[in-house]
1. Leaving out same-chain residues fewer than 8 places away, which lysines sit with a Cα under 27 Å from that of LYS224?
2. For ASP459, ASP148, ASP450, give me the order by solvent-accessible area with a 1.4 Å probe, most accessible first, ignoring ligands, DNA and RNA.
3. Leaving out ligands and nucleic acids, note down the accessible area per residue over region 746-986 with a 1.4 angstrom probe, in whole Å².
4. By a straight-distance test (C-alpha under 18 Å), which lysines pair with LYS150 as possible cross-link partners, with residues fewer than eight away in the same chain excluded?
5. With every protein chain kept in place and ligands, DNA and RNA left out, what is the accessible area per residue of region 296-438? Probe 1.4 Å, answer in Å².
6. Taking the chain as the reference, fit the longest principal axis to its C-alpha atoms, fit the long axis of helix 541-556 to the helix C-alpha atoms, and give the angle between the two in degrees, 0 to 90, nearest 10.
7. Among GLY418, LEU466, GLY572, whose Cα lies farthest out toward the positive end of the dipole of region 391-598, if unit charges sit on the beta carbon of Lys, Arg (+1) and Asp, Glu (-1)?
8. Quick one: pull the percent of accessible area on region 746-986 belonging to carbon and sulfur, 1.4 Å probe, ligands and nucleic acids left out.
Amino acid sequence: MTRLKTDSIVVGRNESLTCAESGVADINADERSQSLPWNDASLIGIAELVCGLGTDLNRGLSSEEAFARLRADGPNELRAVLPVAAWRRALAQLHSPLIYLLVAAAAIALAAWWFEGQGHDGVAAWPLDAIVIVCVILLNASIGWLQDAKATQAVAALAKMTIATSTVLRDGALTRVSNTELVKGDLLVLAEGDAVGADARVAQSSALMVLEASLTGESEAVLKDAALLQGAVALGDRLNMVFKGTAVAQGTGRAIVTATGMQTEVGAIATLLECTQDAPTPLQIEIAYLGKVLGVSVLLISCVVVAIALLISETYSVASVMKVLLMGVSLAVAAVPEGLPAILSVVLAMGVRRMALRHAIVKQLASVETLGSASVIATDKTGTLTRGEMTLQRVMTASGRSDITGVGYAPDGRAERGGIPLTAGILRDELEAVLDAGSLAGNAQLRRDDAGVWAIQGDPTDAAFLVAQYKLKAGAGTTGIDRLERIGEIPFTSHRKMMSVLVADRSNDAAHLLFTKGAPDVLLAHCSHVRRGRATVPLDKTLRSQLVSDVETMAGDALRTLAVSYRKLSPGAQVPADRVQAAALEQNLEYIGAVGIIDPPRIEAAQAIAQASHAGIRVIMITGDHPRTALRVAVDLGIVAIDAPVLTGIEIDALEDADFAVAALTTSVFARVAPSHKLRIVRALQNAGNVVAMTGDGVNDAPALKAADIGVAMGVTGTEVTKEAARMILTDDNFATIVMAVREGRGVLDNICKFLRYLLSSNLAEVLTVFIGLVAAGIIGLKDAASASDSTVVLPLLATQILWINLVTDSGPALALGVDPIDEEVMARTPRARTQRIIDAGMLRSVIETGVVMALLTLATLDLFLPGGLIEPIDLLASQNPFSLEVARTAAFTVLVFTQLFNCFNARSETKSALRGAFSNRWLLVAVLVSLLLQIVVVNDTSLNLAFGTVPMSIAQWSTCVVIASGVLWFSEARKFVRRLHTSFTGLTPKP
Ligand code: ATP
């Protein structure tokens, strides 16, 4: 749990706050800024800079001024990659092998029409085939452009959601602005975990340490302060500057923005920046590869088909050769699944959009795939599994236990001992001391708004002390300790697990006091005395073990435990400048007492954990909290059983890698860990083949988040640095959202399988129909029919018919399958292995079987509608519309379209009947209906008849087509039934 930033800055030195105070002549700000050596603001004094940039250290810029500067200088962003104009994207659609093929087809069609003697001897007056192909080119390009635009839009919307923000002082108030809105002269207010949004000159600092590895390669954090540099130095030595793209590791500070956008140091190297959003995902690479392999194979098959067609047709007139060539090219066009990459991007992008609506912002499309394979979720406890709403309920001091009643942030409650109000006595004194010290050693604020609602600002743990103190003093808050003036702070870090505040006692000039609060076990190691009543006693062994056992009892009751201590310092003690000085100050403390804070588990977390374990995903809790508290919460949430092992940070450190590798697989609760342990845990889990999702919020969690397969940052309480390092940001900090995202990820992968199955089997069916149709032309009666009808060439389907099938059946139904509702069963399966391919042997078998059946049904139709062949024509079918080669082709063409429409319902599952929930995807129904209507139009519309070589069919012929095409549905139902039987016998989990 990270604390929220508050205005807790310690002024490191006395600086001029405004230009007037600085004594610098008040000339025009523009003129001043012209005269300053802007290329290196580290050489400019603060006063000069304040004047030069027309800002104010007390109030920052005014909003109007900031707006005007933003308009003049433009947004603070790196333009390494310029956005591609819409017309360029449209043009790019024409730049594809598919379009080249189609252009070749159009040219061949034109040539065929020309050689056939345009407009004479029954040849159309217009090159209809060529016109159809040009229409196909335009339609294909438009569909591609639309899909591309949709995916780009979704990714751009996500990019907007993930823009980092900074705290600045504007109009005298702390304001959170998006980093793109930072302007020169803005006063950045920096705290631990912030990503520095622009280059800025440090004006004030308190132990401000900045990680500059991204810029300078230096891995250690660098201490920053406001001191003026005497001469130009290298970037890494500009200790009074902070730079865009770096991160605050520790401490606080204020800095004046001196450069934004491309003028920043990182802007100078912006061309080196990678644009990760555009990197293809592993799945996209796999699909692109598959597309290429299929493309080449189909081209080869098309060549063979052309050769066979020419051989069988035994006619070599230019016109008939052109016709055969045209069919070959069309076959290649139709059978190459060229729409796959575009559909894949759209489906991934839409999945990402759905997740964003449900509080999970996925920064890269690739993470959707990874989420689908997550096998371990390693999560923080505080605020993620719990609500993060802290109420201090119990206090343990040397004289015993006292309780504070009331829940929430409203200070309604009282102090009690065993149910009786605690108004005076030693225990009451100790209780007051604990709450006073705890409130002083924090940064939160408690306020009541106009509507009378109590709200906190800052860290909820800090706020819990304030609320309890208000209760004790009946709403009077810090009464009695107002004389103490805060001088500085030694900040909390998850590593130290404690924090201190240094105050001066105004009523007693010389006295300086240090109030420290932190994890009891950690704090006790820094204590030498204990407060009892108003006296101080040495902390001996017996007392120490009593205090430890008090804390353990509270932890065992699932309470979050903290202890409070204090120390009187020598007069004039200073805020420590580094770790060594801080450690010296936080010694010989006087232990005042420990508190137990309740942080109720999120109700939805328990359900999500149950869902995760049902889905074969292990949930691991990694927390900085006490081992007993951690175990108790983990048990309450159903992560582990009561006797489960808990591993602490110290124990992890003591383990050798090999032992730790075993422990990581058997332990599900890690407590009192530091962020560095998280990295070790991630690595151990990954080495065992797991795909790990890991949460984090503090700046030191960033390495572990980067190493995890899916780093998850907290959107509300997380630091900017973790948000940058993460692949997913939770806008509600809720564990249940991670499980939802995994479910969505699995759903998206499932849907990808569905449209792959559908598209690949459809394309295979087209190729096989033409190929087998030609090879077996004599057997199915096609050859005889071709010679009888004076047709010079033997073709099962015409070129334009193949192109039509491609247009009608490919895009719509495939896209609709991509947004199929997620099957509840996705969370009943074990996670996919890291190495498992989407297109595996099982999918290939199903694609081949279905493709073959669809092709056979189409060829059977051709045979049925032609005299001769294996199947005798039924007279009834010819009663209204006599048989001819055109009718037979029209029927086969229709059956091929219909089998594909039936097949899109089959493709929704490998095991479940297509009839179950057949109407649950309305997009699919719309797509199928549109395809159906288009097919009716192309068969019945006389003007389209000419272009597509179709003829209207009778009702009996239509019905026959539907019945035959439904064969693919029954075949698939039978296959699924056998699979289900097999599964129920073997007990193996079926694939979707
Ligand atoms: P999680 O890691 O699950 O978010 P956490 O918030 O308990 O849990 P840390 O923030 O690392 O983890 O806190 C570790 C311990 O430090 C806490 O158990 C508590 O004892 C102590 N602690 C937490 N917040 C503060 C604070 N604001 N001041 C002093 N001590 C604190």
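1. In chain and number order, the partners are LYS5, LYS184, LYS244, LYS497, LYS517, LYS706, LYS723.
2. ASP450, ASP148, ASP459
3. 39
4. Result set, ordered by chain and number: LYS160, LYS363.
5. Accessible area per residue: 34 Å².
6. Here the helix axis deviates by roughly 30 degrees.
7. Final value for the positive-end residue is GLY418.
8. 69
The values are calculated or read from the model by the stated rules, or taken from the named source; none is laboratory data. If you're wondering where the values come from, they're calculated on a predicted model, not measured in any experiment. In this analysis, Cβ positions are derived from the backbone assuming ideal geometry, glycine residues included, and neighbour counts consider all displayed protein chains. Protein only, heavy atoms only, side chains kept; ligands, DNA and RNA dropped before computing areas. Shrake-Rupley method; radii C 1.70, N 1.55, O 1.52, S 1.80 Å.
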